[in-house]
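Please read the structure below before turning to the comments.
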Amino acid sequence: MKLLSSLRLAIAALFPTLFRRAQLNAEVDEELLAHIQLRADDLEKTGLSRKEAERRARIEFGGREKYRQEIHQASGGNFLETFAQDVRYSLRVLRKSPGFTLAGVFTLALAIGANSVVFSITNALVLRPLDVPHPESLYELQHGNEADGSRSYLDYLDLRERNRSFDDLIAWGVAQAGWSDTGEEPTHQWAEEGSGNYFDALHLQPYLGRFFHAADEHGPNSAPYVVLNYSFWQNHFQGDRNVIGRTVQINKHPFSIIGVAPPGFHGTLLFFNPDIFVPLVDQEQVEGVSTLNVRSVRSVFMVMGHLKPGVTLSQAVSDLNAIGSYLEKTYPKDEGKMTFDLARPSLYGDYLGRPTKAFLAGLMLLTALILLAACANLGSLFAARAADRAREVALRLALGSSRRRIVRGLFTEAVMISLAGGTLGLTGSVLLLRSLSAWQPFPRWPIHLSVNPDATVYAVALILTLASGLLFGAVPIGQILRTNPYEVVKSGSIARAGRRVGLRDVLLVVQIAICAVLVTSSLVAVRGLARSLHSDFGFDVNNVILADTDLSMAAYKSDAIPAMQKRMIQALQAIPGVETVGLIDAPPLGDGENGSNVFTDATVDLRPSNAIADPFLFKVTPEYFQAAGTPLRSGRPFTWHDDKNSPPVALVNQEFARKLFGSETEAIGAYFKLPDGTRIQIVGIVENGKYASLNEHPQPAMYLPILQSPSSQTYLVVHSKREPQQLISAMRTTLHTLDAGLPVGIQTRYSLLDALLFGPRMATIALGVMGLMGAMLSITGIFGMAAYSVSRRLRELGIRMALGAQRKEVLQAALGRPLRLLAVGSAAGLILGILASRVLALIVYQATPRDPLVLAGVVIAMALLGLLATWIPAQRALLVNPLILLREE
């Protein structure tokens, strides 16, 4: 024996770590065996045999090897080693609970994916600058009292020459032109018309060939050059480098291709990608009319430039306002109040930038709430799981494991779930964002936006993932730190250590409130969209088809324009099934709108400041109102005799009559003046309508006979009961027969509204998806608490039922607390949702949270969610067999 003892001491001296481990394992075995025997004694008292009692006790305490390993890990080792051990142990624990693990990963994947998508869109629209050199100093000039940057070309020249704040100012506009290459039929292509210094002032270099410059301009139509967008060059010319120098036809005028823009440049509006770039001095050839020398006509869409180094925004605005005052005094008949403001040009200044930023901020807030709800859900599940693992945690503490090590293990489990969920969610969001980047929602317009995630998006997703894991992993820490291992081993639970209103209760209320906010917002958006689709536009959107073209694209001029327009109307009228055909130069709620100052008949000084109104202006044929479904309230309609040889007449809407004359009866037969002094007599009143946007207040509008005010812009409004696709084919064939060289686009009236309804539709879809995600998270949260409540009180419920309790009383005892929390959270969320939904009014027409249907819908939806979430726990509570349950206990 002395020899063996000496040998053991020698081995311990040579291998102290191994000896300590063996000694520690022996102590662990001894301690475990003592606890198992104690538990077996308790089980034996319930009527079990000694063998069965010991078997169940061993099952409850688990195998010995993992506790040996745990104690060894707690006793030492470097950081990397212990971290790797934590990861392996966490993987083993999570693998043993696949349902819990999958639920956690899927829940967090939804939340992280939603946040990644919304942040990526926000990053692309708001945070990411334009792809031009030095975008931080690039600003658009806006009107001081409105988010509109359009100017006359002559104003632009004065601003460019007189300002001292900008390196240079550029001007550009947008036009649709007829494009044809050798042997091709003409097609519609979108052109960006830029001032000669357009590319130079933006500091851009061509990808191929050269750009046009200010030196190329020598008066109207003096620079017949075209620069191709890189994408258009790739798609239309298959990247042929020999296109430089080729002659193409734009509106049947020859233009030379001189260059290709760099791949990353698609114009200075983020969402609008023109096909070609042409000099603004060629406006007459591109648009069919030239207004560059008319100061009263806003022929420039946007004016912008780079601020000089050291110049502040306030200094630049003061400089521009001084120039505005000079122009007001110098040209009083052409210029109204001219004040300026500066904005970023990427989203058309504040016109689209302000509502877009507000909506995206609201959307990011909602996705953050979804992430918070997911964390609350997972935190509640982690807390419940920690309670279920109370005996395991208590035993580890009793065996010498530190609370810090146990907490670190829980955090490791949480972070591993969050990393798996974040990876899955980010992968799904990348696939979705790629689809969105390739999506072109409007075939008619070159709307395209790259929202592919970049390094910023990936970094934010990683931060959210890690923060989420730490957040919901911290929920059960308090109950772990308060655990008394000896009481838990004796009682088998830590449930009595909790407060009357526990952390899980608070988390569930927060989660339900978030769900109610999302459901409220989604129902408000759906209701607003439904009203938008069925609101009164002032014209019929059903059974109406539009054929649009610009006769200048086929070189029609002067008297040839009205003659061709009349032939087109007659040809379409002859198609079987067509009821009425009218014509308008620019339809309400269409691509763009025209306006003109009007003056009272007594006004002599026709300067803009004396104008009584600035109504929308439309030029129409006599049949337009019948074809469009716009009712005539009083007076007479136009006739074909209202031509240039007849006295000028007009039809006006109700708002025009009210604003200028006080009533409709006073307006009939009255006169007003246009800026050129022409006296117009009002011969009829038509219904009000929507002209520029769905959420506009009533605006004045006037209609002039197209024979008295000719326009090459042509929208043929065809009213028919025939199926649209059949009629479109017949219309295309008929118009092609009249002139094969005239490009014509045909669409339904509803499709023309797609651009205006795009925002409300996308808002409704986004909020609907978020509402569904919130509902799913809420269901799992309520279900988790209800199921946990029932499982913890099965013995009590069995006793109640054995004593004769009614089903209603059992359900109230089992599910009363979760349902009360549901009511509290739903009420709080509904109030918050009503407040948050006000942001939707900027995007969705007629979106109001005070709609009784919305309020009722939220109440019903939350009640159904509660019923669905508690159905299975309720069935389990009602099916309790007290005899079996009490015998097992």
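The values are calculated or read from the model by the stated rules, or taken from the named source; none is laboratory data. Source: prediction; values computed, not measured. Virtual Cβ from ideal backbone geometry, glycine too; neighbours counted across all protein chains shown. With ligands, DNA and RNA removed, areas are computed over all heavy atoms of the protein, side chains included. Shrake-Rupley method; radii C 1.70, N 1.55, O 1.52, S 1.80 Å.
Results, tabulated for the structure shown:
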read-out: Surface per residue (accessible, 1.4 Å probe) for region 544-755, Å²; value: 41
read-out: Probe 1.4 Å, protein heavy atoms only - accessible area per residue of region 135-343 in square angstrom; value: 39
read-out: Selection from GLY267, LEU154, ALA171 lying farthest towards where the dipole of region 135-343 points positive, charges on Cβ; value: LEU154
read-out: Nonlocal amide H pairs with LEU449, under 5 Å, H built at 1.01 Å; value: none
read-out: Semi-axes of the equivalent ellipsoid for region 544-755, Cα gyration tensor, largest first, Å; value: 31, 18, 16
read-out: Lys/Arg +1, Asp/Glu -1 at C-beta; region 135-343 dipole; positive extreme among MET338, THR182, GLN142; value: MET338
read-out: Integer Hz, Karplus 6.51/-1.76/1.60 couplings in order for region 511-517, x for Gly and Pro; value: 5, 5, 4, 4, 4, 5, 4
read-out: Ordering of 152-161, 569-578 by burial proxy (mean other Cβ atoms within 10 Å per residue, highest first); value: 152-161, 569-578
read-out: Difference of contour (0.36 nm per residue) and Cα-Cα distance, ALA84 to ARG434; value: 122.4 nm
read-out: Pairs from LYS252/LYS721; LYS619/LYS673; LYS329/LYS357; LYS329/LYS557; LYS566/LYS721; LYS619/LYS659 whose Cα-Cα separation, in the structure shown, is over 28 Å; value: LYS252/LYS721; LYS329/LYS357; LYS329/LYS557
read-out: Region 135-343: translational diffusion in µm²/s, Stokes-Einstein, Kirkwood Rh over Cα pairs, 20 °C, 1.002 mPa s; value: 121
read-out: Estimated distance in nm for a label pair at ILE872 and ASP676, the labels positioned 7 Å out from Cα along Cα-to-Cβ; value: 7.6
read-out: Residues with amide H under 5 Å from that of THR580, placed H, sequence gap 5 or more; value: HIS719
read-out: Extension gain from VAL506 to SER222, taking 0.36 nm per residue of separation minus the Cα-Cα distance; value: 94.9 nm
read-out: FRET efficiency for LYS721 and VAL460, using Cβ-Cβ distance with R0 set to 51 Å, rounded to 0.05; value: 0.45
read-out: Listed peptides 455-464, 246-255 by packing density, highest first (mean Cβ within 10 Å); value: 246-255, 455-464
read-out: Rough spin-label spacing in nm, given labels placed 7 Å along Cα→Cβ, for ILE765 and LYS252; value: 4.1
read-out: Computed E for ASP605/PHE758 - FRET, C-beta separation, R0 51 angstrom, nearest 0.05; value: 0.75
read-out: Fully extended contour minus Cα-Cα distance, from THR46 to MET364, at 0.36 nm per residue; value: 108.8 nm
read-out: Efficiency of FRET between VAL407 and GLN806 - r from beta-carbon atoms, R0 41 angstrom, step 0.05; value: 0.40
read-out: At q = 0.14, 0.18, 0.20 Å⁻¹, base-10 log of I(q)/I(0) for region 546-645 (Debye sum, equal scatterers on each alpha carbon); value: -0.73, -1.09, -1.23
read-out: Signed unit charges on C-beta, dipole axis of region 554-692, positive-most listed residue VAL686, ILE561, GLY582; value: ILE561
